[in-house]
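Novice: Starting off with a structure, shown below.
The values are calculated or read from the model by the stated rules, or taken from the named source; none is laboratory data. Owing to the predicted nature of the structure, the values given are computational and were not obtained by experimental measurement. Don't worry about glycine lacking a Cβ; one is built from the backbone with ideal geometry, like all the others, and counts go over all protein chains shown.
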Amino acid sequence: MQINPIEQFEIHNLKPLFSIGGHEFDFTNSAVLMLIIVALVSLLLIGGTARRAVIPGRLQSIAELSYEFVANTVQSSAGAEGMKFFPFVFTLFMFVLFANIIGLIPYSFTVTSQLIVTAALALLVFFIVVGYGFYRNGLHFLNLFVPKGVPKAILPAIVLIEILSFVSRPVSHSVRLFANMLAGHITLQVFAGFIIMLAGAGILGFFGAVLPFIMVVLLSALELLVAFLQAYVFAILTCIYLNDAIHPGH
Amino acid sequence: MSDARENGDRGKERTDEALSARLQRLNEGLGQIHKSGRSSESSEAERATTASGYARGFRLSSELVAGVVVGAGLGWLIDRVFGTTPWGLMIFLLLGFAAGVLNVMRSAGVIAGNAIDARPPGNRKQ
């Protein structure tokens, strides 16, 4: 039996929508999942805040916990002024978290395992940082690239390196999330494939299949952790980058 | 939350004085939470790296790779536009490597860099 571990990441075109200049815009399985994610997050938060009880119920507890978690993250890494960006960071965090967790459900699709999705999110953060940095600090924002106390002789090289380091941020920001999800799902699929292959190979293989099965169970737990952790890392990096836009140069 | 529930169960104490005393306590508690929220602004590098070793390793490696890739890409682009093959790629690849190392050191908290600083954000404004 052949199991293709990449198959789960294929994009299927469900319904062609329109085309602009020869580029087709289609409604894909990825888009369906994104809509589901947005709907679930909205349901959770609207449902959770609907009653506003003093003693929160389950939904309200989840909504409050997620609010406080992200609010603490934003405050601790971007300062009190960073709370201006709380809605943005919260939206990113919830979207990525739900995308990661929903992707773990068998037969579903992991939106964040597509580089284009994570790159779009990271570029959005990048351009907001650049835009807000110039809007708030004017040309002082460029101080970000000029570290203090560097000898004049090597300053051009240092500035160039700083700029490269800044430009490489959206790359590492997006690739980290994408690669984590991709690698995790491929590993899961490969080990699950071992179970089927071993189970089909006679009585000895049938018992041997227990080993990869244990692996899959453990990996599933690990993936759940990674799903949450990567959403958190994505959010906290967003905060750190926003902090640069708010307080550039030192 | 458990405190509120406990108090809610004690129906006898629902006099006005008890209520105002409870409000007072709640206010003090809230004030403390706000204070601790402000003061516990630890360095972001520390916060991000305490998550787990796996995430940390992945984070650092992707920082390095991103620096190199961006440097190489930029150098290649410059070569394409200005026809300076192979100098742009060579120089920017090395600069990208340096930027990658800088990224890694910053996110590991080895150096208090320009962009990511060990000082709490409140003290950063000049």
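Residue by residue, here is whether (1) at pLDDT 90 or above; (2) within 20 Å of the chain's Cα centre (by Cα); (3) assigned to a helix (DSSP H, G or I) holds:
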| position | (1), (2), (3) |
| --- | --- |
| A:E81 | no, no, yes |
| A:F90 | yes, yes, yes |
| A:F93 | yes, yes, yes |
| A:I116 | yes, yes, yes |
| A:G149 | no, no, no |
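Novice: Still on this structure, please answer the following. Failed condition for A:F109, given (1) away from chain B (no Cβ under 12 Å); (2) surrounded by 21 or more Cβ atoms within 10 Å (Cβ to Cβ); (3) in a helix (DSSP H, G or I), with all others met?
Specialist: Tallying (1) away from chain B (no Cβ under 12 Å); (2) surrounded by 21 or more Cβ atoms within 10 Å (Cβ to Cβ); (3) in a helix (DSSP H, G or I), A:F109 fails exactly one: (3).
Novice: While we're here: So A:P56 passes all but one of these: (1) in a helix (DSSP H, G or I); (2) out of contact with any strand residue (DSSP E or B) (no Cβ under 9 Å at 6 or more places or on another chain). Which condition number does it fail?
Specialist: (1)
Novice: Quick one: would you say A:S30 is under 30 Å from A:D244 (Cβ atoms), touching a residue at least 24 places away in the same chain (Cβ under 8 Å) and either of a type in the set (G, A, S) or assigned to a strand (DSSP E or B) (or both)?
Specialist: Numbers: under 30 Å from A:D244 (Cβ atoms): no; touching a residue at least 24 places away in the same chain (Cβ under 8 Å): yes; either of a type in the set (G, A, S) or assigned to a strand (DSSP E or B) (or both): yes.
Here the answer is no, as A:S30 does not meet what is asked.
Novice: Counting only residues that are of a type outside the set (A, V, I, L, M, F, W, C) and assigned to a strand (DSSP E or B), which one in segment A:1-27 is surrounded by the most Cβ atoms within 10 Å (Cβ to Cβ)? Even if it seems obvious, please write down each step before you answer.
Specialist: In the first step, residues of segment A:1-27 are kept if they are of a type outside the set (A, V, I, L, M, F, W, C); the result is A:2, A:4-5, A:7-8, A:10, A:12-13, A:15-16, A:19, A:21-24, A:26.
Next cut, assigned to a strand (DSSP E or B) only: A:13, A:15-16, A:19, A:23-24, A:26.
Numbers: A:N13: 11, A:K15: 9, A:P16: 10, A:S19: 10, A:H23: 7, A:E24: 10, A:D26: 15.
The extreme case among them is A:D26.
Novice: Something else now. B:G57 - would you say it is at pLDDT below 95, out of contact with any strand residue (DSSP E or B) (no Cβ under 6 Å at 6 or more places or on another chain), facing another protein chain (nearest Cβ under 7 Å) and in a helix (DSSP H, G or I)?
Specialist: Working: at pLDDT below 95: yes; out of contact with any strand residue (DSSP E or B) (no Cβ under 6 Å at 6 or more places or on another chain): yes; facing another protein chain (nearest Cβ under 7 Å): no; in a helix (DSSP H, G or I): yes.
No: the conditions fail for B:G57.
Novice: For A:V217, state whether it is more than 30 Å from B:G109 (Cα to Cα) and surrounded by fewer than 19 Cβ atoms within 10 Å (Cβ to Cβ). Before the answer, list the steps.
Specialist: Details: more than 30 Å from B:G109 (Cα to Cα): yes; surrounded by fewer than 19 Cβ atoms within 10 Å (Cβ to Cβ): yes.
In short, yes.
Novice: Tally time: how many residues in segment A:172-192 are at the interface with another protein chain (Cβ under 10 Å from one of its Cβ atoms) and either free of Cβ contacts under 8 Å to residues at least 24 places away in the same chain or among the hydroxyl-bearing types (S, T, Y) (or both)?
Specialist: So the count comes out to 4.
Novice: May I ask you to list the residues in segment A:208-250 that are within 18 Å of A:S165 (Cβ to Cβ) and outside any helix (DSSP H, G or I)?
Specialist: Passing the criteria: A:H247, A:P248, A:G249, A:H250.
Novice: Here's a follow-up. Name the pairs whose Cβ atoms lie under 8 Å apart, with the first residue in segment A:1-24 and within 17 Å of A:H185 (Cα to Cα), the second of a type in the set (G, A, S), and 6 or more positions between them or separate chains?
Specialist: A:I3/A:A192; A:I3/A:G193; A:P5/A:G193; A:F9/A:S113; A:I11/A:S30
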